Amino acid sequence: MRNFWMLTKYEYKKIFQKKMVWVMFVVLSGICFLMSSVTYFATFTKEVDGKEEKMSGYQWMTRIREEDKGLSGTPINEAFLSRMKENPDSVGGKITDTVGMMQMEQYDVQSLTEQSLYEKRLANVQKEWEIYHLNKEEKEHFQKLEDTLAKPFIYEPTGGYDKATRMMMVSALLQTLLAAVCIPAIFGDEHSLKTDQLTLCTNLGKGTLYGVKIFTGLSFSVITSMLLCLVSALPSLIVEGTEGFGAPIQLTQPDVSFALTVGQVFLMMFGMCVLAGVLHGAVAMFLSEKLKNPAAPMAIIVGFLIVTFFVNVPEQYRVLSQLWDYVPQNVTSWGLLNVRMVPAFGEYLYKWQVVPVLWLTISVAVTVLGYQFYKRYQVTGR
């Protein structure tokens, strides 16, 4: 065991000796931080008490946060809508944004009622079912979920977790680039630098050497994924607050029927980003060992990432479209709460239940297959 940790330390030393690793991590961390905090440093002109005032994004969000705290626990019901009608300016915070998202369209405050508000929201939810071609049983399943949701919704400030969740999408994307650049060298450098003949002739065995490299690559990928997520999420949580962890997800995503909270979705997204890091790390190391150099895996991973930006499988091709949705970049781009399910063992599994099993299965499969290549590889004379 001592040899295992000694070799792991050596593998990490090889990683951190590369200036590119440090440059990439610092640059990508900086991008995550700027993307999540740039609006707080910008200057805006806002109308306050009938007067236009210039203030920073931080000052504005601090003001909104205080207004939201005063609205915490407010039911979005007829009484609240009547208050909006009588004096719209008296309603601060982001609660009016929630009302707008529940309808997904422009609306006239004066004609708005509690019944029409929730009917429009349900119509938008059912429209999603049609867009994704749900069958009769799936629609009935989601209708049951709808019937269990507590209504009217109780408003809670959710700005911090909402934005932090969206910002983690950026970190998941950038972690792919970090994995593509840093991880393939764990295997590829030995082949490209011709040092494999030294490492493979040690008395530790190929199994131990392979296990060390896999552990190093996966742990590096997991740790960097977590760090990038934290850099992305913390500015929003610090400025906009951590209130609303237990608020219903319908306050930020009104068109979903799941009985989840804003905090649960935040943690799920964090977990998906980490699992995506595991998958990227495993695939990068497999390609590196198979292709025997670090450059080709980098090109393949970055190329596939670019493809995901431009390729979309139409929803009418249900199976292909659903499989394409399980690609990490699609999952972490607000695709986590997609309504398409997978039937299994007489039950329906949601996307966030299927994806971890699928990604971990692929990670284990390519790791085992990679070991077969590593075990059979023989150094030839040079």
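How do 363-375, 152-164, 211-223 rank on mean C-beta neighbours within 10 Å, highest first?
On the way: 363-375: 15.5, 152-164: 22.8, 211-223: 19.9.
Highest to lowest by the protection proxy: 152-164, 211-223, 363-375.
Counting only residues at least eight positions apart within a chain, or on another chain, the lysines with an alpha carbon under 30 Å from that of LYS13 are LYS194, LYS206, LYS213, LYS290, LYS292, LYS375. If you run the Gaussian network model on the chain, springs between alpha carbon atoms under 10 Å, then out of GLU243, GLU52, GLU140 the most flexible one is GLU52. Of the residues ASN124, TRP60, GLN110, the one whose Cα sits farthest towards the positive end of the charge dipole of region 47-148 is TRP60 (charges of +1 on Lys and Arg Cβ, -1 on Asp and Glu Cβ, taken about the Cα centre).
Annotation for region 346-371 versus region 252-299: alpha-carbon center distance of 12 Å.
Averaging the sequence gap over all C-alpha pairs within less than 8 Å and six or more residues apart, then dividing by the number of residues, gives region 47-148 a relative contact order of 21 percent. Take the Cα of ASP147, step 7 Å toward its Cβ, do the same at TYR317, and the gap between the two points is 3.7 nm.
Give the peptides 307-318, 263-274 in descending order of average Cβ contacts within 10 Å, highest first. Could you put the intermediate results ahead of the total?
On the way: 307-318: 11.7, 263-274: 19.7.
Packing proxy ranking, top to bottom: 263-274, 307-318.
Contact order, relative form, for the chain: 21 percent (alpha carbon pairs under 8 Å, 6 or more residues apart, mean separation divided by residue count).
Report the full-extension gain for the segment LYS14 to ALA42: residue separation times 0.36 nm, less the Cα-Cα distance, to one decimal in nm. Could you put the intermediate results ahead of the total?
On the way: separation 28, 0.36 × 28 = 10.08 nm, distance 4.06 nm.
Fully extending the segment from LYS14 to ALA42 adds 6.0 nm.
Among the lysines of region 47-148, pairs that are 8 or more positions apart or on different chains and have alpha carbons within less than 16 Å of each other number 4.
Using a Gaussian network for the chain with springs between C-alpha atoms less than 10 Å apart, which of these wobbles most: THR74, THR43, THR62? Sorting by GNM fluctuation, first place goes to THR43.
Semi-axes of the equivalent ellipsoid for region 119-163, computed as √(5λ) from the eigenvalues of its C-alpha gyration tensor and ordered from largest down, come to 24, 14, 10 Å. Every Cα-Cα pair of the chain was included, and the share exceeding 28 Å stands at 55 percent.
Using the Kyte-Doolittle scale, find the helices of the chain whose mean hydropathy is at least 1.6 and whose Cα atoms extend 30 Å or more along the helix's long axis, counting only whole DSSP H runs.
Details: long enough: 19-41 (32 Å, 1.74); 159-182 (34 Å, 0.80); 206-240 (51 Å, 1.35); 262-291 (43 Å, 1.58); 351-376 (37 Å, 0.68).
Qualifying helices: 19-41.
With a 10 Å radius around each residue's Cβ, average the other Cβ atoms per peptide and rank 28-39, 224-235, highest first. Could the numbers behind the result be given before it?
Numbers: 28-39: 17.9, 224-235: 22.5.
Result, highest mean Cβ count within 10 Å first: 224-235, 28-39.
Per-residue ellipticity at 222 nm for the chain, helices alone: DSSP H runs ≥ 4 residues times -39500 (n - 2.57), over residue total, nearest 500 deg cm²/dmol?
-22000 deg cm²/dmol
No value in this document is a laboratory result; all are computed from the given coordinates. Please read all numbers here as calculations on a predicted model, not as lab measurements. All Cβ positions, glycine included, derive from the backbone under ideal geometry; neighbour counts span all protein chains shown.
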